[in-house]
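Below: the structure, in structure tokens.
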Amino acid sequence: MSDYIIKTNRLGLRNWQVSDIKPTTKMNADKAVREFFPNTMSQLKTESFIKNMQQHFTTYGYCYFAVDELATNEFIGFIGLSNQTFKSDFTPCVDIGWRLLSKFWGNGYATEGALACINFAFRTLKLKEVYAIAPELNLKSQRVMQKIGMSKYIHFVHPKIDKNNPLKNCVAYRSLRSDHKFNRNDSL
Ligand SMILES: CC(C)(COP(=O)(O)OP(=O)(O)OC[C@H]1O[C@@H](n2cnc3c(N)ncnc32)[C@H](O)[C@@H]1OP(=O)(O)O)[C@@H](O)C(=O)NCCC(=O)NCCS
């Protein structure tokens with residue numbers, strides 16, 4: 001039985017555990033999952049990512065949460081909140097992000113988990129605003145942002161992506177607590 005920080009109808013969001021390393025490594029090595037990233041990720045980098053997330057959770061009480069499908073107890077990827085400090089007009093900020101194993105795409109899971117995270121950010125963490133970022137080319141991710149009620153905020157050039165890579169052209173969406181409709185899908 002896992003300790004879920006957030007539960008929705010179909011998903012449990014929790015801190016990371018050792019058993020997540022294997023499926024996360026598989027996810028991060030999948031070219032389809034990494035279509036809108038500069039490269040795939042090795043097991044070593046994945047382990048370091050998971051450690052960072054655990055530390056982030058210990059320090060702040062949130063991270064990109066590991067997500068289980070409640071019906072099967074299967075790990076499906078991550079959805080959650082993280083501090084972003086790269087240089088831009090809107091950072092430092094808290095962003096909401098998501099990455100799922102491809103076999104779980106198309107079920108509305110990212111939208112369901114992300115909406116619960118936004119509610120958590122505003123209600124429990126009392127944040128005033130949350131951002132989400134994606135390369136302009138990643139329309140699927142932007143669709144999730146739109147579906148959870150975020151609005152396009154700014155186009156920007158990501159300072160950590162090579163200047164010759166079209167993925168450097170990014171867009172940030174924003175959600176303000178003052179505008180947020182908490183009853184959109186209140187599954188907390
Ligand atoms: C982005 C991701 C998390 C979405 O997960 P998901 O659970 O399939 O998302 P949902 O089912 O909640 O919603 C996806 C929406 O995008 C739409 N969509 C799918 N492909 C699309 C495309 N090429 N262009 C525009 N919209 C698209 C879907 O139709 C759906 O919208 P709808 O419900 O209005 O029909 C998943 O595809 C993923 O992990 N991708 C790889 C990692 C990634 O890109 N992360 C984001 C980095 S910025």
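Values quoted throughout were computed directly from the atomic coordinates according to the rules given, and no laboratory measurement underlies them. Worth saying up front: this structure is predicted, and the values here are computed from it rather than measured. Reconstructed Cβ throughout: ideal geometry from the backbone, glycine too, with neighbour counts over all protein chains shown.
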> Restricting to the range 65-83, what's the tally of residues that are surrounded by 16 or more Cβ atoms within 10 Å (Cβ to Cβ) and either closer than 13 Å to Met53 by Cα or under 11 Å from the mean Cα position of the chain (by Cα) (or both)?
Replying inline: 9
> When the residues of the range 119-147 are filtered to those that are of a type in the set (Val, Ile, Thr) and either in a loop (DSSP other than H, G, I, E, B) or away from the ligand (no atom under 14 Å from the Cβ) (or both), which remaining residue is surrounded by the most Cβ atoms within 10 Å (Cβ to Cβ)?
Replying inline: Val130
>> Report every pair of residues separated by at least 6 positions or lying on different chains whose Cβ atoms are under 7 Å apart, first residue within the range 172-183 and closer than 11 Å to Ile118 by Cβ and touching a residue at least 24 places away in the same chain (Cβ under 8 Å), second among the aromatic types (Phe, Trp, Tyr) and in a helix (DSSP H, G or I).
In response: Arg177/Phe122; His180/Phe122
> Where residues in the range 151-171 are touching a residue at least 40 places away in the same chain (Cβ under 8 Å), within 14 Å of the ligand (Cβ to nearest atom) and not in a helix (DSSP H, G or I), which of them is nearest to Val33 (Cα to Cα)?
Replying inline: Ile161
